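In what follows, a structure is listed as C-alpha cells, so that the remarks can point back to it.
The values are calculated or read from the model by the stated rules, or taken from the named source; none is laboratory data. In this text, all values refer to a predicted model and were calculated from it rather than measured experimentally. Backbone-built Cβ (ideal geometry, glycine too); neighbour counts: all protein chains shown. Only protein heavy atoms, including side chains, enter the accessible area calculation; ligands, DNA and RNA are left aside. Shrake-Rupley method; radii C 1.70, N 1.55, O 1.52, S 1.80 Å.
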Amino acid sequence: MLNRTDNSISRKLTWMNLLVSGAALLLACSAFIAYDMLTFRASMVRNLSTQAQIISSNSVSALLFNDPQSAENTLSALKAAHNVLSAGIYSPDGKLFASYSRDAASAAPAVPSLPLGQLEIHRFTNEEVVLVRPIVFEGKPSGTVYIRSDLKELDKSLKRYVGIAGIVLAVCLVAALLVSAIFRRAVAVPIIHLADVARAVSREKNYSVRAPRTRASGELALLIDAFNEMLAQIQQNEQALREARDDLEVRVKERTAELEKAKGEVEAFSFSILRAKEELERASKFKDQFLSTMSHELRTPLNAVLGFSELLTEERYGPLNERQQRYIKHIHTGGKHLLSLINDILDLSKIEAGRLQLTIENVAVEASFAEVLDTMRPLADKKAQTLVREALPELSVRADSTRFKQILMNLVGNAIKFTPEGGEIKLSANWLDGAIRVEVRDSGPGIPPDEQKRIFEPFYRMEATDKKIEGTGLGLAITRRLVELHGGNLGLESRLGVGSCFFFILPVAEGAETREAPTNTGEIQPANFARILVIEDDRAAALLLQSHLTSAGYDVVLCDEPTRALQMAVELQPHAVTMDIIMKPVNGWELLSSFKTDPRTAGIPVVLVTIIDQPATGASLGADEYIVKPVQKATLMAAVERCLSQRSHNGKTRGILIVEDDAPTREFVAELLSKRGHEVATAADGAEARVHVARAVPELVILDLILPKVSGFQLLAEWRMNSRTADLPVFVLTSKDLTAEERDYLRTHTELLLQKQQSWQETLLAQLRRTLPTVLSEKS
C-alpha cells in the first residue's frame, strides 16, 4: 500500500499526464470547431449569394417593365428557405421595388450602398447575416437585391460540435487516467523504496542496508545501483574511520601527556618573553627619553657657551689680552667640536632606533651643490684647496633636502680633512641608467685596501692619521646610513697616492616641480624682504653688488638702463638705491638730481657707488652715502644699513620678543640682536609670552618650542587663530628633534625654522634683514 508520499508522487505523475493530454485535446477540439464554424459561415454566404443571383436574374424584366407583382412572386420562392428572414428588391434610385418577409410586421430596411466596383457585400450582425448584390442588365445597374438570414443553423451546429468535443475529451482523459494508473507504480514505487532506505540509513547509521532492485531497466535501475554502490563505499570508509579513530585515541593519550609536559615549558618561556618585551619597551622608552634629553639639555647650554664665547671675541665689553683671547678661542673651538660630536651621536642613535624620518621631495642638485660648497669653502681656503662642482642645471633627485646636504657636507668635509694643502675636491653628478650618480672625488693620499672595508664602521679612524686628524669616526657611518635610508648605497673607489671617490645613486625626480635649495641653512618661508634697487650699466659691477647684497639677505632688483631707473624706483619703491655716476645716456649726477627733486622718490636713500672720488658733490645733490670703487662688502653693508637705519627713525618700532626658557640662550640672543639696533623684550615661559603678546603685539617673535607652562606649539596655534596676531611673524629657534608632521606644520605657520644643533646665527641675522629692514647700525 502506498503511503502519503507515494500518493503525492502518484498524484503528481497522474495530474501531469492528465494536464498534458487534456491540454492537447482541448487545443485540437478548439481548432477543429473554429475551422468548422468558419467553413459553415462561408457556406451560408455562398448559398445566400446563389439565391441573390437567381433573384437578380429573374427580376430584370420586372424592373425594366415596372412590374412589382412579378418581382414579389420571384421573392416568394424564398419561403422554401427557412433561414431567410426577409428580402427585397430596390430600384436604382434606392426605393423599395418589391419585398418578402417571414414576419409581415417587419419594416423594409434601407438598402446599404455598394462600394464602387464590388459585386456584393455581406456582414454578420446581431445573430444575423445580411447580403446585398446589385442587379445588372447589359452592363448597367438596374437595381439591388437585399437578403437577410438568421444564424440558428450555425448555433445548432456549434452546440453539436461542442458536445462531440466534450465527449471525446472526457473519454480521452479517462483513458489517460487509466494508463497513468498502470504505469505510475513503475516509477513511484521504486523511488519511494529508495527514499525509505535513505531515511533508514540516515536515521540508524546502518550502511549495510541495500535498496531492492527493480525488474525494469533504465534510469531508475541506474539510480538504485549507484545508490547501493555509494552505501558500500560509505560502509568501507566508516570501517576505516572507526579503526583510525581507535588508533588516534591511543596516540592522543600519548600526545596529551607530552603536551602537558610541554605546556609548563611554554608557559615559563612565554613569561620570560613577556618580561623581555617589557624590558625592551622600557629600554626603548629610556632611549627616547635619553635622545630627547640629550637634544635639549646638552645642545641648549652648548649654544650659550658658543654664543657668549663668540661675543667675547668682539671685545665689546673691554679689550682682552693675548692669553684671554687664546683661552676663549679654545672654549669656542672645543664647544663646536663637542656640539658636532653630540649631533653625530644623536643622529646615529636616531637612525639605529628607526626614529629618523625623511621628507622626500624633488631637490635641485646644482643648488644643493652650490650651498654645500659655499659653506665648506672657508675650510678649504685655509688649506689652499680648490673646490669644483659639476652638475647640469636640470638635474634633480628624490631626497630629503636637509639630509641630502648633510650627506654632501660630510663627504666634502671628510675630503677636505684628508686632502693635503693645494689639493682639489670635485663634487659632481651625472645621469646613470635613469638615476643620478653623485660623486665626491679628492686628490688625497688614498685609502689602503685593508681599511676600505672598515672605514664605514662607527668610531673607526684610519691608523695612519688618527693622531693628526681630528674627528669622531662617525661621519662616514652616519653618511652611509642616510644614503641607505634614501634607498641607495654609499660606495668607495680609492687608489693609494691618487685619491678617493665616494659615490652613491639616487632616483631622478621627474614630472614634478623642483624645490630649490634655500640660500642658507635655515628653513626660510616667504617674507617681506628689504628691497634694494641697483642702477648700474656695467653688467659685471651690477652682478658683484647683487651678490654682496643677496648674501646679506636683501632682495635685489637690477636696472641696467639709466633712462628707466626713475620710473622703476617709482613703481618698486625700494628701501634704498645704489647708483653709479659714469653711465650712458644719462649720468649719475643727473639721475641723482631727478631722484631728489621728484616727490615720489625724494625719501628713498641713495648710495653712490662709483670710481669718481667726489663725495662733496654727491652730498650737495642729496646722496646719503658715497662709496669709491673697488667696493668692499663690509663697506657696502655698513652704508646700506645706515641708510635703512636713518629711514627707520621716522617710524616707531614695536620690538622683538624672545621666548626662551634657558636663561643663557635667552641672554645671548637678546645681546646678539640688541647690538644690531633692535628693541628686544624677553619671556622665560609660554605663559609670560602669552601675556606680553596680549598686552602689545611685537614686531617679531623668536620662539622656542619646549617651554614650561605653555608649549611653543600651543602658543603658535593660539596666535594663528586670533585675527589680531594671525600675521605676526614668528621665527622658531629650538633644539627639539622634529617629526615630519611637526616640521610641515612649522613650515606652514612660521616664517623661519632654526635648530640649535646647527649654525643658526648668520641665518637669523640675514632673515631679520629681510623681514625687518629697519635695522639700526650696531652700537659701539
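Hey, can you rank 263-269, 327-333, 661-667 by average C-beta count inside 10 Å, highest first? Before the final figure, lay out the partial values.
Numbers: 263-269: 10.0, 327-333: 14.7, 661-667: 17.9.
Result, highest mean Cβ count within 10 Å first: 661-667, 327-333, 263-269.
Between residue 34 and residue 226, take the C-beta separation as r, use R0 = 35 Å, and let me know the FRET efficiency to the nearest 0.05.
Working: r = 50 Å, r/R0 = 1.43.
E between residue 34 and residue 226, to the nearest 0.05, is 0.10.
Quick one: how many Å² of residue 403 are accessible to a 1.4 Å probe, rounded to 10?
Solvent-accessible area, nearest 10 Å²: 40 Å².
Order the following by accessible area, largest value first: 419, 739. Probe radius 1.4 Å; ligands, DNA and RNA are ignored.
Values: 419 0, 739 50 Å².
Order by accessible area, largest first: 739, 419.
Can you tell me the length gained on complete extension of the stretch residue 742 to residue 370, counting 0.36 nm per residue apart and subtracting the Cα distance? Walk me through the numbers before you get to the answer.
Working: separation 372, 0.36 × 372 = 133.92 nm, distance 2.79 nm.
That pair, residue 742 and residue 370, stretches by 131.1 nm at full extension.
Which sequence of 706, 33, 164, 656 reflects their accessible areas, 1.4 Å probe, from the largest down?
Final ranking, largest accessible area leading: 164, 706, 33, 656.
Sticking with the crude label model, points 7 Å out along Cα→Cβ, report the distance from residue 81 to residue 721 in nm, one decimal please.
Using points 7 Å along Cα→Cβ, the separation is 11.0 nm.
For segment 688-769, with equal point scatterers placed on the C-alpha atoms only and solvent neglected, what are the log10 I(q)/I(0) values from the Debye formula at q = 0.10, 0.16, 0.21, 0.26 1/Å, to two decimals?
-0.23, -0.61, -1.05, -1.48
Any lysines with Cα under 20 Å of the residue 263 Cα? List them, leaving off those in the same chain fewer than 8 positions away.
253
Roughly how big is segment 623-760's charge dipole about its Cα centre, with Cβ charges of +1 (Lys, Arg) and -1 (Asp, Glu), in debye to the nearest 20?
Numbers: 18 positive and 20 negative charges, 95 e Å.
Computed about the Cα centre, the dipole is about 460 debye.
What is the packing order of peptides 730-737, 239-246, 72-79, taking the mean over residues of other C-beta atoms within 10 Å and listing the highest first? Don't jump to the answer; show the numbers that get you there.
Working: 730-737: 22.9, 239-246: 10.2, 72-79: 16.6.
Ranked from most to least packed, the peptides come out as 730-737, 72-79, 239-246.
Here are some pairs, 336/453; 709/736; 329/417; 383/633; 95/152; which of them have Cα atoms lying more than 28 Å apart in this structure?
On the way: 336/453 30 Å; 709/736 17 Å; 329/417 20 Å; 383/633 23 Å; 95/152 30 Å.
Flagged as over cut-off: 336/453; 95/152.
Can you tell me the FRET efficiency between residue 611 and residue 634 if r is taken as the Cβ-Cβ distance and R0 is 22 Å, rounded to the nearest 0.05? Could the numbers behind the result be given before it?
Values: r = 19 Å, r/R0 = 0.87.
So, using R0 = 22 Å, E works out to roughly 0.70.
Given H placed 1.01 Å from N in the peptide plane, which residues other than close sequence neighbours of residue 121 have an amide H under 5 Å from its amide H?
Those qualifying (amide H under 5 Å, at least 5 residues apart or on another chain) are 132.
Using the beta-carbon distance between residue 162 and residue 113 and R0 = 41 Å, what value does 1/(1 + (r/R0)^6) give for FRET efficiency, to the nearest 0.05? List each step's numbers first, then the result.
Values: r = 38 Å, r/R0 = 0.93.
E(calc), rounded to 0.05, equals 0.60.
With a 1.4 Å probe and all protein chains kept in place, how much accessible area does residue 122 have, in Å² rounded to the nearest 10?
90 Å²
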